[in-house]
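The values are calculated or read from the model by the stated rules, or taken from the named source; none is laboratory data. Please read all numbers here as calculations on a predicted model, not as lab measurements. Glycine also receives a Cβ, built like all others from the backbone with ideal geometry; neighbour counts cover every protein chain displayed.
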């Protein structure tokens, strides 16, 4: 059993932060499932932009869909849904084997809708229906506007991956939206047994933004520690949620736990270990979604220990020290949310332009 597979012994599932046709056509995805116990897969606008602009694999389908769709957004979702359905079918045996705990593939709503509650709800419903796979999650950003959309979609039985989470106060609101959505569904007379959700924290971007500030304030001892501290305390919020009387009532009638998922886990600073955001965050009922290079690195030299619940006081002290030196982590996380939306918007713009260019080439 390699180190990736061993993570399951510690309650953590590994998902892949990548989707393109090459990884499915080559059998690489199936190999990761068979040999590394890969349990799921996530996509986002940046991943699809790289897949579609970085190869000719989609050219024929773009030309085909362009004959029936004038809108480039519609063409993109035709392409994306086909890939998501195929990936979901590959992961269906994992979904069945884990009784619906893992084996999920995620498809994100348009990043243009990040501040649009009603637009998000309507598109999530549409994508959920069109994909038509029980082991799919629709990704909705954890923005203020997204909270109502998340609750509403969960109440309708749509599996939701809450994405672009950075801050602890927002995560507390997410747990409220999660439980509220399940309660709404029960009040409508529906079962909650097959409603799945994860809360995705983006990590390395926190350190990328904070570490230069620490250097300016002479506090480099905290470099590379703030994202990990935030994640450890987020997990404590998760533990508080699942031990609450409110959630225990839901769990007694079939609710699944909304696991935390670590995202943005490739190390950006070359002075840090390339498996920093894996080794330090291993814990029960969690997910780590990794890019291929981090999967390869952890398979090669990762160390597996129960690390997520270690050093909680240190994590609190590190965030407290941040406040003492005048860095407002809540402002930082709001900035990161705004920048994350903008980054996905730019990738989406580029993706739609690529589709337009391809259409023009074929016409």
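One line per residue, one yes/no per condition, for (1) closer than 27 Å to residue 8 by Cα; (2) without any contact (Cβ under 8 Å) to a residue 40 or more places away in the chain; (3) touching a helix residue (DSSP H, G or I) at 6+ places or on another chain (Cβ under 6 Å):
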residue: 303; (1), (2), (3): yes, no, yes
residue: 313; (1), (2), (3): yes, yes, no
residue: 324; (1), (2), (3): no, yes, no
residue: 331; (1), (2), (3): no, yes, no
residue: 338; (1), (2), (3): no, yes, no
residue: 346; (1), (2), (3): no, yes, no
residue: 352; (1), (2), (3): no, no, yes
residue: 357; (1), (2), (3): no, yes, no
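Scanning the stretch 77-119 for residues that are touching a strand residue (DSSP E or B) at 6+ places or on another chain (Cβ under 8 Å), under 21 Å from residue 343 (Cβ atoms) and not in a helix (DSSP H, G or I) yields a count of 5.
The combined condition, being in contact (Cβ under 8 Å) with a residue 12 or more places away in the chain, crowded, with 18+ Cβ neighbours inside 10 Å and either in a helix (DSSP H, G or I) or on the phi < 0 side of the Ramachandran plot (or both), is fulfilled by residue 179. Screening 121, 90, 62 for residues that are at pLDDT 95 or above, within 28 Å of residue 358 (Cβ to Cβ) and touching a helix residue (DSSP H, G or I) at 6+ places or on another chain (Cβ under 9 Å) leaves exactly one candidate, 90.
Determine, yes or no, whether residue 55 is modelled with pLDDT under 95, touching a helix residue (DSSP H, G or I) at 6+ places or on another chain (Cβ under 8 Å) and not in a helix (DSSP H, G or I). Working first, answer last.
Values: modelled with pLDDT under 95: yes; touching a helix residue (DSSP H, G or I) at 6+ places or on another chain (Cβ under 8 Å): yes; not in a helix (DSSP H, G or I): yes.
Taking the combined requirement at face value, the residue satisfies it.
Table: residues versus (1) in contact with a helix residue (DSSP H, G or I) (Cβ under 7 Å, 6 or more places away or on another chain); (2) surrounded by 22 or more Cβ atoms within 10 Å (Cβ to Cβ); (3) in contact (Cβ under 8 Å) with a residue 24 or more places away in the chain; (4) closer than 23 Å to residue 163 by Cα.
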| position | (1), (2), (3), (4) |
| --- | --- |
| 6 | no, no, yes, no |
| 10 | no, no, yes, no |
| 14 | yes, yes, yes, yes |
| 28 | no, no, no, no |
| 36 | yes, no, yes, no |
| 39 | yes, yes, yes, yes |
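Only one entry in 227, 255 is assigned to a loop (DSSP other than H, G, I, E, B), modelled with pLDDT of 95 or more and in contact with a helix residue (DSSP H, G or I) (Cβ under 8 Å, 6 or more places away or on another chain), namely 255.
Figure legend. Inter-residue proximity from the stretch 90-101: first residues at negative phi and surrounded by fewer than 17 Cβ atoms within 10 Å (Cβ to Cβ), second residues at pLDDT below 95 and part of a helix (DSSP H, G or I), beta-carbon distance below 9 Å, spacing 6+ or different chains. No pairs are indicated. Flag: residue 74 does not match the condition of being in a helix (DSSP H, G or I), over 20 Å from the mean Cα position of the chain (by Cα) and farther than 16 Å from residue 348 by Cβ.
Does the stretch 311-325 contain any residue that is in contact with a strand residue (DSSP E or B) (Cβ under 9 Å, 6 or more places away or on another chain) and part of a loop (DSSP other than H, G, I, E, B)? Walk me through how you get there before you give the answer.
Pass one, the stretch 311-325, residues in contact with a strand residue (DSSP E or B) (Cβ under 9 Å, 6 or more places away or on another chain): none.
No, that holds for no residue.
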